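The values are calculated or read from the model by the stated rules, or taken from the named source; none is laboratory data. Only a predicted model underlies this, so the values are computations on that prediction, with no experimental measurement involved. Positions of Cβ are backbone-derived with ideal geometry, glycine not excepted, and every protein chain shown enters the neighbour counts. Note: areas computed on protein heavy atoms with side chains; ligands, DNA, RNA excluded. Shrake-Rupley method; radii C 1.70, N 1.55, O 1.52, S 1.80 Å.
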Amino acid sequence: MTTNTLDASDLRDRVQALASGAGIRHWDLGAACSDDCSVQVDRGDAKQMKAAQRSSITVRVWNSDGLVGITSTTDLTDAGLTRALEGAYQASAFGNPDDVPQFSPLATAPLPNQERPLMPRQGILTLLKDLRSAEAELLSRHPAIETVPYNGLAESLSTNLYINSDGALRSIERTQASLYLYARAEESGRKPRSSGAIRMALGSQDLDIQGCIDEAVERTVSHLAYQPIETGTYRVCFTPEAFLSLIGAFSSIFNARAVLDGVSLSSRESLGQQLAVPFLSLEDDGLHPDHISASPFDGEGTPTQKLSLIESGFLRNFLHSEATARAFGVKPTGHAGLGAKVSVGPDWFVVGTTPGRSSGLGLDHNLETDTFVLIEDLSALHAGVKSTQGSFSLPFDGWLVKDGERISVEAATVAGDIRSLLTSILHLEATQEVTHRGVSPHVWVEALSITGEA
Amino acid sequence: MTESFSQAWSSTLQALLRRGSGAGANLVEVFLEHTDHLGLLAEQERITSVNPTFARGAGIRVFHNGRDGFVSTNDLSVEGLTRALDQALAMLDLEANMLADHSRFEGLGVFKDYGLEKAQWLQQCPSMRDASSRLLEGTSQLERLGHNLQVRRGSYSRDWQEVLVAASDGTFARDIRLHQSTGLSVLAADGEHRSSVGRRYGSTDRPNDLFTWNVENSAAEVCESAGTMLRADYVEAGQMPVVLANRFGGVIFHEACGHLLETTQIERGTTPFADRVGELIAHPSVTAIDEGLSSGAFGSLSIDDEGMEPLRTVLIKDGVLKCFISDRAGELRTGHQRTGSGRRQSHAFAAASRMRNTYIDAGEHKPEDLIASVERGLYCKSMGGGSVGPTGQFNFSVEEGYLIENGNLTRPVKGATLIGDAKEVMPRISMCADDLDLAAGYCGSVSGSIFVTVGQPHIKVDSITVGGR
């Protein structure tokens, strides 16, 4: 097994020497390296086995006018670093004087403690054995399941660095593993159906393989008996996964960069205004113990933190980089990338009921007898979400639930407006579920347009 | 500037291929890559982002008894490449043994250098300053021509790539590729009304393309669309006939059928067309082609990422399925001959059978004939992205739509998503116009994001599900 590593001190010293030689006094960088391997199988055979050793660096430099330029490369030799510094210096001539990023004032602040042990990697042949076994069990569980066309088992070891010329040096080493199983089932004379499950863990030996198989089987089989749904307006319940993917697609609502750029539904004045029903709260918690990819610092070296975004229905905070925080007169929140124009993004959404508040309803997707549509998963968010307009029109997998009986929906779309949706939430169920996207309960919404083929 | 790949790599590559073959591999392939990327963004009157990136790497793939192992690395030293090869061999229970019989590897063939005449392309591309000026000209034109514009953006992307492909079947070829793309987009807002519209243009192998770009026409098109859609109503949902415009309308064939004609889908068992070559799978008015040859088109290439020259592949002729899009693994595992379609985003991906320039061929009707034939339906003038799932269910969004009432275009409508099943929709493409045109796009799939062209003339689909409100 290979181990691809980055020596943070060595990299800092080399860049410092090369920058000094080029007359560059103010610089920072983000670097990453990883060692990954993954397997896919097809009806017992190894379909593809992959491994990768990746290294990359992004360097920013400030020129004598205080403007910033950037260059990225995978070439970490001295020649590559020299070229990157020269490229960044050249690009700095085009830096935006209206929006100059600086070092984060928190780039040397203490980091939060993360108890994330590095888990031993098992190697590709063990992964192959485990995935073969998982596929075989999945195929044996129901006669209609003929293939598992999308499957994969992967493990990785990665290192991420942030270094700047003022002495900041951040480093994090992580291990991560993932498993996905998407089965395809077909019954005679009927259309094929597909569904699946995903699991993540710090190490491949910790993956809940059995749980992933069980969930993939249950989901796939539950869609075999399908019917077209009539077009109309329905009461809707989103599974935690579906709700998190929808709110994630509209995360520009909480993004200070998007606010400053004029492409968010929010404005500076939105803070403190009601965005959702009073019993809804939303946090971004990049340090959540179930967030497998958690990092203690962002692309600018700012410590990661838990941040309240919606509290009792009111918009409380935006996600910030150093530059956007400066523009808003607040501290960076640890949500930045690294760039000439620094991007901002969420880490790990946690949706829940505001303490002390209640919807007053007792809706439960397992017990409700009135008709509703249970949306399990949303597709094509890249195409069907208009985040600057607030609208969405998305294909989904799910069920029409009538008198407690679930009938899989053949093919349908759900459409609406995110602002209307957030203010028409009927109820959040009590149980918060951990998914690979974040944490959320089942979320009930008053009425959404569903288009079907009936 | 990175040193170019040349025939001087021959001895290193031969040693690697001999090592892999000697270990018992059926085939060993080495893909080496240098890239040089420049991305620029203009917002309003400022350049707000300049992102140069350069990279290098290798992807080594070993086939053995129908299986394959793939390793990618950024380390192009002999030691790094040998380590990667040994790792790929070990995945297949093979072990390098220099004492073994090397007879299966007969040496590299004649070096084919497709990059010779392209050596100066990178230097001929617009400088940062030239590209910045053009983008600012674009955002300025948007300001001049648009109304209620809250955000004006222009973007430019230049992807230069040098590849060297060598395989134990003798393949030995080098190429240089150049893809450039420019785009303009706006967000228009007036009270609660909002519209966001963007257009992107792309070309291959034309270093001076940015200088010939008609900025004013592009800006006018974007502004007109944004103005029209600003107060558009949401489309009423239901089943209805649809007329799709040419150019990017071709995304329907790309998503609904094109992906299902890639041999990777046969390998996965996810295409309904696997055993239907020679059968009618579409309306007899449909002839569909995938090729990598159209001059300047975004999906064109001199060789694919497995070193093969691209073929013109007739996928469907008069509704009858003729051929699949195939790569090396596809030929090995499904028997469909390679079509020069083995493609990958970078060295970090193993090549897979992927579309290039894919389009429905021109028919005999006039576009207005198609609209006139619809009593009540939807005209899709501009399309957004889409996707297809493992059961052949596809979807794509409509950026700019109009109602068709009594054979005429009437009100603009927004928020439409078209969904359907490939097997059911292809026979419903009943009319094709004579105005075939192509549009550049990006396609993300098993071997990463690649440059493609979609295209079609105006076409009519007799009935499809239109998702809306």
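Couple of notes before you dig in:
- Note that the stretch A:186-339 shows a convex hull volume over its alpha carbon atoms of 185 Å³ per residue.
- Residue among A:Ser343, A:Gly438, A:Ser251 farthest towards the positive dipole end of the stretch A:225-454, charges placed on Cβ: A:Ser343
- When each of B:Lys322/B:Lys381; B:Lys112/B:Lys317; B:Lys317/B:Lys381; B:Lys322/B:Lys423; A:Lys191/B:Lys381 is checked by Cα-Cα distance, pairs over 24 Å: B:Lys322/B:Lys381; B:Lys112/B:Lys317; B:Lys317/B:Lys381; A:Lys191/B:Lys381
- Selection among A:His427, B:Val28, A:Pro228 by position relative to the dipole of the protein assembly as shown gives B:Val28 as farthest towards the positive end (Cβ unit charges, Cα centre).
- Average Cα contact separation per residue, the stretch B:7-230, under 8 Å, 6 or more apart, as relative contact order %: 23
- Ignoring lysines fewer than eight residues from A:Lys129 along the same chain, the ones with Cα atoms less than 25 angstrom from its Cα are A:Lys47, A:Lys50.
- Global form of the stretch B:261-384, assessed from the alpha-carbon gyration tensor, a/c cut-off 1.5: prolate
- DSSP bridge pairs, the protein assembly as shown: antiparallel proportion in percent, nearest 5: 90
- Over the stretch B:369-433, the ratio between the Cα radius of gyration and 2.2 N^0.38 Å evaluates to 1.20.
- Percent carbon-and-sulfur accessible area, the stretch A:8-219, ignoring ligands, DNA and RNA, probe 1.4 Å: 48
- A Förster radius of 30 Å combined with the Cβ-Cβ distance from B:Asn208 to B:Asp434 puts the calculated FRET efficiency at roughly 0.45.
- Shape box of the stretch A:119-245 [Cα atoms, principal axes, largest first, Å]: 65, 42, 18
- The stretch B:73-174: projected area of the alpha-carbon convex hull, averaged over directions, in nm²: 12.0
- In this simple spin-label approximation, A:Asp166 and B:Asp233 carry label points 7 Å from Cα along the Cα→Cβ vector, and these lie 5.7 nm apart.
- Heavy-atom accessible area ranking, 1.4 Å probe, most first, across A:Asp28, A:Asp42, A:Asp290, B:Asp93: B:Asp93, A:Asp290, A:Asp42, A:Asp28
- Semi-axes of the equivalent ellipsoid for the stretch B:195-351, Cα gyration tensor, largest first, Å: 32, 24, 14
- Convex hull volume of the stretch B:7-230 per residue (C-alpha atoms, cubic angstrom): 151
- With Cα atoms, 0 to 90° folded angle of helix B:78-91 axis to chain B main axis: 80
- Rough spin-label spacing in nm, given labels placed 7 Å along Cα→Cβ, for B:His193 and A:Ala327: 2.8
- Cβ-defined net charge surrounding B:Leu230, 9 Å radius [Lys, Arg +1; Asp, Glu -1]: +1
- The orientation-averaged projection of the convex hull spanning the C-alpha atoms of the stretch A:258-389 amounts to 10.6 square nanometres.
- Three-way shape call for the stretch A:225-454 based on the alpha-carbon gyration tensor, with the a/c threshold at 1.5: prolate
- Relative contact order (%) - criterion: Cα under 8 Å, at least six apart; region: the stretch A:308-454: 19
- The residue among A:Cys37, A:Leu18, A:Ile163 whose Cα reaches farthest toward the positive pole of the charge dipole of the stretch A:8-219, with charges on the beta-carbon of Lys, Arg, Asp and Glu, is A:Cys37.
- Over all directions, the projected convex hull of the C-alpha atoms in the stretch A:8-219 averages 16.0 nm² in area.
- The charge dipole of the stretch A:50-105, taken about its Cα centre with unit charges on the Cβ atoms of Lys, Arg (+1), Asp and Glu (-1) only, comes to about 360 debye.
- Inter-centroid distance (Cα atoms) of the stretch B:397-436 relative to the stretch B:4-77, Å: 41
- Per-residue Karplus couplings for the stretch B:215-226, computed as 6.51 cos²θ - 1.76 cosθ + 1.60 with θ equal to phi - 60°, are listed in order as 4, 5, 4, 4, 5, 5, 5, 5, 5, 5, 5, 5 Hz, Gly and Pro entered as x.
- When Rg and the Kirkwood radius Rh are both evaluated on Cα atoms of the stretch B:234-467, their ratio Rg/Rh stands at 0.97.
- Translational diffusion of the stretch B:405-455 was estimated from the Stokes-Einstein equation, with Rh taken as the Kirkwood radius over Cα pairs; at 25 °C and 0.890 mPa s the coefficient is 164 µm²/s.
- Once the Cα-Cα distance is subtracted from the 0.36 nm per residue extended length, the A:Arg406 to A:Arg357 segment shows a gain of 14.6 nm.
- 0 to 90° range, to nearest 10: angle between helix A:8-21 axis and chain A longest Cα axis: 50
- Where Rh is the Kirkwood radius over Cα pairs, Rg/Rh for chain B: 1.01
- Normalising the average separation of contacting C-alpha pairs (under 8 angstrom, six or more residues apart) by the number of residues puts the relative contact order of chain A at 15 percent.
- Lysine pair count for the stretch A:225-454 [Cα-Cα under 25 Å; pairs on different chains or 8 or more apart]: 4
- Within straight-line reach of B:Lys366, meaning a Cα separation under 16 Å, sit the following aspartates and glutamates at least 8 residues removed in sequence or on another chain: B:Asp434, B:Asp435, B:Asp437.
- For B:419-432, mean number of other protein chain Cβ atoms within 10 Å: 2
- For the stretch A:40-147, taking Cα atoms only, Rg and Dmax work out to 24.0, 70 Å respectively.
- Backbone geometry of the stretch A:131-143 corresponds, through the Karplus equation with coefficients 6.51, -1.76 and 1.60 at θ = phi - 60°, to 3J(HN,Hα) couplings of 6, 4, 5, 5, 4, 4, 5, 4, 5, 7, 7, 8, x Hz, x marking Gly and Pro.
- Overall form of the protein assembly as shown per C-alpha gyration tensor (a/c, 1.5; a/b vs b/c): rounded
- Longest to shortest principal axis, alpha-carbon extents of chain A, angstrom: 74, 56, 36
- Working note: Karplus 6.51/-1.76/1.60 with θ = phi - 60° gives the stretch A:438-454 the couplings x, 10, 6, x, 5, 10, 9, 10, 4, 7, 9, 7, 10, 10, x, 9, 6 Hz, where Gly and Pro are set to x.
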